[in-house]
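The block underneath contains the structure these notes are about, expressed in structure tokens.
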Amino acid sequence: MALQYTDPYDLVVVGAGMAGLTAAARIARAGVNPRTGGRLRIALIERGPYLQGEPRPGYGHPVRRRMFTNIMSEFRENNRYRMGVYPQGPDGPNTFAIPAGSLVGGGSLHYGANTRDPHPIDYVAWQQETGVDWTEANFRASAQEIVEMFNIHDRPEELLTKFDLDFRQAGNDLGLEVSTSSVAKQNCLLSGFCDAINMCKYDARSGSFVAYLPIAERHGVEIIGDAEVQKIVIENGRATAVAFNQDGSDYLVKGDKIIISCGILGSPVLLMRSGYGSREDLGNDLLVENGNVGRNIDGRAGPLNVYGFFDLPMSDGEFHDGGFHLFRDTRSDRIHDRIQLRSFHPEVGKPHQVALNSLAPQFGRKHKDYMRQICNPSIPSVHRDQLLKRGRVTVVVVRPSRILGRTNSKAQIFYDINHSSIQTLFEEGAQLADQVLRSMNARNVEVDQRPIRLASFFAWAGSCRAGTDPGNSVVNQYGESHEVENLFVCDASVLPRCASQGYGGPTATVAAFISERIVQRHFT
């Protein structure tokens, strides 16, 4: 028999990542118990550890310090859970596994911090797709809060290369939509240690862990770590409790309201394990039917690399993530099928390879100065000259939007990369990249001929998408389940389509928006 937490919570949030932390903190800060007018009692459940202490390097729990100061291979938590993906590619089914962020902070600790709030056209696409009232005006306050809390700003000028500036000019000359490559950083040393799952060596990356975890702690949110949630208890069409296992024991915690915030794969899987999904997937285990759970997954296909060869170096050869994005919408009636061009330059190696290079001093002030010089082209550096690969090749990455797939209760994703619309978009994107590079005076342009096998897993959305019609969605515009009372979903899975640019920023923005609505409708 499961051990029961004695008193029910006003709210139980499952998942303490980019969205879950944001939602829990904002509801705790602004909401009150509608019966008593007092502080809400909120539980936040996370399957990974809760490493207490200030989110500053050198402070708090020793494991938390290692998380910020060592490379990925020295911190195993992200590899404890892996999710299988099974795309149907040109050579038949392919399989790969992706790590899932499993600790309090979740995805906000290992995303690349290259993000922004949603583009104006993203709101239009969401409304057209499912009828939600997610207008730019309605989202404005939430988006602005995330920009301020995450310190989202344009990439520093000193990181922009000649290629970046020419790339921007070419986009403007060709009438494309030009968007800056913004970053979510605080006091960045420009070390280059922002390549996703390697964490952030000097703790400059911003996210829900830095912005909202302290707020959640100050407002009394009880954080339950190392707790693997088994299911949501659904009784008579109502969500009443969360069942989880911790240290080998089974627990049951009751909640008046329950928010699932386990991400694009975790949220639909948890719903299915709770008996909520399609009859096709669940069979006799079905309690509540909604055929959209785990379906309608949208992602960015690719990438397709297009190489431009120039007579002179167009960058300094360092690991700069391009300063701009170029977009073209293929047709006015197909606004979901955006073509995105990004630039990448030749590299001297991955940041952790450079940081541990034989030229690098030991960790400390000398090492920080070394990394700052290596990564900042405006600072003369003999080390850069020694490491520099003076290649004259630059890469434009073509990433068209919209590839549809589905997941099942085992967190397996299935999609068809051979779909004719995707191949058409790649062809259009390659032609557009050729135009851009030649307008920048590239002497030769080559398209990567290797087959496109995989979609960008970090950009998936839609597995529990929001909508006004239960026939094509899982939750309504307030994040509330269509079929189950007191149950909400609040994370990237509710986005009807991927945002044009970034992942963390749009995910946190929708979490801020939905949490505001939950407060207005249930906790005032």
Those residues of the range 1-30 whose amide nitrogen sits under 15 Å from the label point placed on residue 250, 7 Å along Cα→Cβ: 1-5
Fully extended contour minus Cα-Cα distance, from residue 362 to residue 153, at 0.36 nm per residue: 72.1 nm
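Can you give the extra length, in nm with one decimal, that the chain gains between residue 33 and residue 173 once fully stretched, where that is 0.36 nm per residue apart less the Cα-Cα distance? Spell out each step's value before the answer.
Working: separation 140, 0.36 × 140 = 50.40 nm, distance 5.59 nm.
Gain on extension, residue 33 to residue 173, equals 44.8 nm.
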Packing rank of 9-18, 41-50, where each peptide gets the mean count of other beta carbons within 10 Å, highest leading: 9-18, 41-50
Computed label-point distance, nm, for sites residue 431 and residue 307 using a 7 Å Cα→Cβ extension: 2.4
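Each value in this text was obtained by applying a stated rule to the coordinates, not by laboratory testing. Only a predicted model underlies this, so the values are computations on that prediction, with no experimental measurement involved. Note that we place each Cβ from the backbone using ideal geometry, even for glycine, and neighbour counts take in every protein chain shown.
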